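The values are calculated or read from the model by the stated rules, or taken from the named source; none is laboratory data. Here the structure is a predicted model, which means the values were calculated and not measured. Quick reminder, even Gly has a Cβ in these numbers, built from the backbone with ideal geometry, and neighbours come from all protein chains shown.
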Amino acid sequence: MKKCPVCGFENNDTAGFCSRCGSPLSAPQPPPSSQPPNPYPPSYGSNAPGNNPFKRPMGFLSSIMSKKVLIAIVAVVAIVIVIVVVPGMLRPSDELITPSQASSVLGGSWTCLKNETYSLSLSNGKVSINYLDGTSVSNANPSAYGFTTILGYFPPSSGITSANVETMTGEVGGQEVSILAYEVNFNTSSNAKAQYNLALSSASSYGSSFKDISNNCFVEYSYGDSYIISINGNQLKAVAVNGLSNLPTGELKQLINDF
């Protein structure tokens, strides 16, 4: 087992980042010039690649999944949130990708980690979080959860209104693997597009294998992992498959189209 140097969580031996807090375990780090000097989330007022919330050593989800001080959005089953309702009015949880769907596309067996599953909504400057294991947070200060939820990289100033996140662990061909799937809703399509463009800029310039498969979707392969991110109106969706490299585009699209 790999012990996280930040939170102490025991992770699988093959894990590249902590499944609880998202801190890197043994993943390669990007060149120093590609990392912002400030260890906290970059300002979202800039569209420079260095301020990209998706960039991380293993690919365009870097800021989301692993940096020196950050969090990962490690949640397992995300819940669809009504954007404009009060924080407490969250729908019952739904898995973005079910274990059976993951198995049908990638093979192997998959499990959702309920204690890391959450849906998040913002209203009137307060955040509410519902976890799949039954725990919840209501009407809290967003800054208190900025480094333990997706708010670490999509703060209120980015226009985020809600987010659904899922993390799955699995075994395929005797290899331990994981899936991170998420959707993030913004108050305007322009705010969503700004975040998508940051991810696109990072993926195309970072040096890993990159495919722009349409005007609103691209894939990236980096450090043995496979990623896909798409935009539709005011919503971003992404899937990262860690431990399975160069997955066919069709399989990645099938996974992201499952939610």
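Values computed for the structure shown
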{"item": "Scope the stretch 215-255; condition within 19 Å of A192 (Cα to Cα) and free of Cβ contacts under 8 Å to residues at least 40 places away in the same chain; matching residues", "result": "N215, N216, C217, F218, V219, I228, S230, I231, N232"}
{"item": "Residue that is in a helix (DSSP H, G or I) and either at pLDDT 90 or above or farther than 18 Å from F17 by Cβ (or both), where the choices are L236, L255, L247", "result": "L255"}
{"item": "Residue within the stretch 198-207 that is part of a strand (DSSP E or B) and touching a helix residue (DSSP H, G or I) at 6+ places or on another chain (Cβ under 6 Å) present", "result": "no"}
{"item": "Single match in E166, E176, E183, E171 (criterion: at pLDDT 90 or above and surrounded by 24 or more Cβ atoms within 10 Å (Cβ to Cβ))", "result": "E166"}
{"item": "The stretch 167-188 - residue that is out of contact with any helix residue (DSSP H, G or I) (no Cβ under 9 Å at 6 or more places or on another chain) and either in contact (Cβ under 8 Å) with a residue 60 or more places away in the chain or part of a strand (DSSP E or B) (or both) and, of those, nearest to A140 (Cα to Cα)", "result": "N187"}
{"item": "Options T148, T161; residue that is under 18 Å from the mean Cα position of the chain (by Cα) and part of a loop (DSSP other than H, G, I, E, B)", "result": "T148"}
{"item": "Residue selected from the stretch 135-145 under the condition crowded, with 16+ Cβ neighbours inside 10 Å and under 21 Å from S19 (Cβ atoms), by the criterion farthest from the chain's Cα centre (by Cα)", "result": "V137"}
{"item": "Unmet requirement for D212, which otherwise passes all of (1) part of a strand (DSSP E or B); (2) buried (at least 24 other Cβ atoms within 10 Å of the Cβ)", "result": "(2)"}
